[in-house]
Each structure stands twice: as C-alpha cells, then as structure tokens.
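Take a look at the structure set out below.
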Amino acid sequence: MFKKLAKSLLIMVLIFTAVLPVMGVSAHAEETNADDFSTLPAAEHRSENWLIDSSNPQFFEGDAARLVRTSTETGYAIYPLTGVQSFTLQAYYFSGSTAVIKFYGSPDADIWTELPAINDSPTATGSGWYGTVYTPSGALPDGVNYLKIEVSGDLDTWLMQLGHLTLSNVSLAPQTIVDELDDIAQLYAHSTNWSLDTSNPAFFGGDHSRAVRTADSAESLVYHLHNLQHFTTRMHSFAGSSGTIKFYGSADASTWTELSAVHEPPQATGDAAWTGMNYSPAL
C-alpha cells in the first residue's frame, strides 16, 4: 500500500496508443547539520556564557554532553545550513525552571526573524529532570540559511540544558505539490516525448493546459516530495483510447515499485468524445 511505502518520488508512466525542453533536477537531496554538544560551537557562532556539562548522564537519558549556560544572561548559538526547513532540539530542564528557548532564522546571519516553535509533552528522566523536544510549529519561510538558538531567564544556570540539535533542509510540516501543467517548474524529471497542449479547454472542463505525448512510446513524468503520502492525478481520455497509466514510487529515483491506483467513474468534461477522471492510491 502507498502509505506503507512512504516513497519520496512518484513517477507516472503513460502507455497509451498525441516537447518539453531538457530540464535539470528541481528537488534537492536531504542535508543535515547535527550537534550532540560534545564540544562548544565555534566562538564566532555563540555567546561566551556556555560550557559542556557531562555530569550525571543517568538523569538525561544517558546523554553525557549537554550545553549549559554559565550565567543566567541570554545565551545563543548559531548553526549554518543552506535552506533550513526543519529542526529538532532535545532539551532537559529541572522542575521549576523558568528558562525560555526561542529560535531565529536568517539568510545571512545578520537580520534575524523569530521562528515559532512547539515542544512535545515533557517526559520525566529522573530525580526531578524532564526531557522535551522542540520543533517548528509550521513550515519555515524560504531563505533560512542560519538557525539561532536563544536561551534566556531562569532561577539558576544549570536548570536548563540542551542535549542535541539537528537541522535539515527537509520540512517536517506537511508539504503539497500542485501542478497545473502549464509549465515544467514542478517536475523533478521527465522523458523526452511530451508537449503542453493549451487548445480547446472547453473540452476538458476548463483545463487550459495538459501534458500530451508526442509519440506512441511509454513516457513518464516524475515528481519529488520527501515522505510522499498521497497523490491525485486528473486524466483526460478520448473515446476509444486503449492507453493505460501506472504509478511508481521510489526512495532514490533508481529502484521503483509499482503503486496500485484506482480511479473514479469517467465524467463528461464538455465534449461528447472526451471524459475526465481522477486517479488516487488504492486503499
């Protein structure tokens, strides 16, 4: 089943028996920047009031290196990654801590914008300590190339400790690709024999641009989205067409697995010879 496959790429192969330019890859490979706080961040990327605490790892789920402030003055640390789309920060706090953690994003490490974040339900980790994970509360804005963590306030320095941080250029928030096929901007890749047809939109329920093959050979369109969960594809078919469409999923754009799909009953779209139908994953 499609949800179990959780593929990151979707390929549509059309094998019916009517030219897009050569294009580059539009999606990106996943990149991360992780810090387990076993050493201090570079001096130019942090405030001076930090140290590494390795004491009592049994109270921190075995974490033997945490980032801790040396004063209750606001402390910060900056991490670079081109196109940050998500982050996770493991933090530990002692009962009664009043520290506040905030996150900021910047394209240039100069102008900063606060990034709203949420944390999950705290889990007791021993002797009055609790662990919690911070993540973005929604999709991050474009152009975030630096993430700044800021810790402020508290009754004492040791009451809030940072366990580990991961930045990624892949979003944790739900993402959707909507492609009207009026250009090729949304495609990851495609085979050669395609053109975009803008004629007679009244025959296609007002659809003003459709991808049409220019040869009788099997042709494909490929879309890229990390952790793909669902798809809906609108197809138009002329009376008597014997063509078929198949869907495949892949984690790496190399090895493909066919994904079972179903379609709704054909619907009239404005011309007696044409019908339209939506394809989606079979449940």
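The values are calculated or read from the model by the stated rules, or taken from the named source; none is laboratory data. Note that this is a predicted model, so its numbers are computed, not measured. Neighbour counts run over all protein chains shown; Cβ positions are idealised from the backbone, glycine included.
Figures for the structure shown
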read-out	value
Hits in segment 146-183 (condition: at pLDDT 90 or above and of a type in the set (A, V, I, L, M))	Leu147, Ile149, Val151, Leu155, Leu159, Met160, Leu162, Leu165, Leu167, Leu181
Test: residue in segment 19-29 that is buried (at least 16 other Cβ atoms within 10 Å of the Cβ), within 22 Å of Leu81 (Cβ to Cβ) and at pLDDT 50 or above	yes
Segments classed as strands (runs of 3 or more DSSP E), wholly inside segment 67-184, with at least 1 members that are at positive phi and either under 17 Å from the mean Cα position of the chain (by Cα) or assigned by TED's automatic domain parsing to the domain that holds Asn56 (or both)	123-126
Among (1) over 29 Å from the mean Cα position of the chain (by Cα); (2) surrounded by 15 or more Cβ atoms within 10 Å (Cβ to Cβ); (3) among the hydrophobic types (A, V, I, L, M, F, W, C) - the single one Phe231 does not satisfy	(1)
Failed condition for Gly206, given (1) surrounded by 16 or more Cβ atoms within 10 Å (Cβ to Cβ); (2) at positive phi	(1)
Pair list, Cβ under 6 Å, 6 or more apart: segment 243-268 residue farther than 18 Å from Glu219 by Cα, other residue in a loop (DSSP other than H, G, I, E, B) and among the polar types (S, T, N, Q)	Ala251/Ser8
Inter-residue pairs, beta-carbon under 8 Å, first under 17 Å from Ser121 (Cα atoms) and in segment 82-94, second of a type in the set (Lys, Arg), 6+ apart	Tyr92/Arg66
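For every residue, the table says whether it meets (1) assigned to a strand (DSSP E or B); (2) surrounded by 15 or more Cβ atoms within 10 Å (Cβ to Cβ); (3) in contact with a helix residue (DSSP H, G or I) (Cβ under 9 Å, 6 or more places away or on another chain); (4) not assigned by TED's automatic domain parsing to the domain that holds Glu180.
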| position | (1), (2), (3), (4) |
| --- | --- |
| Val222 | yes, yes, no, no |
| Asn227 | no, no, no, no |
| His236 | yes, yes, yes, no |
| Ser242 | no, no, no, no |
| Tyr248 | yes, yes, no, no |
| Asp252 | no, no, no, no |
| Val262 | yes, no, no, no |
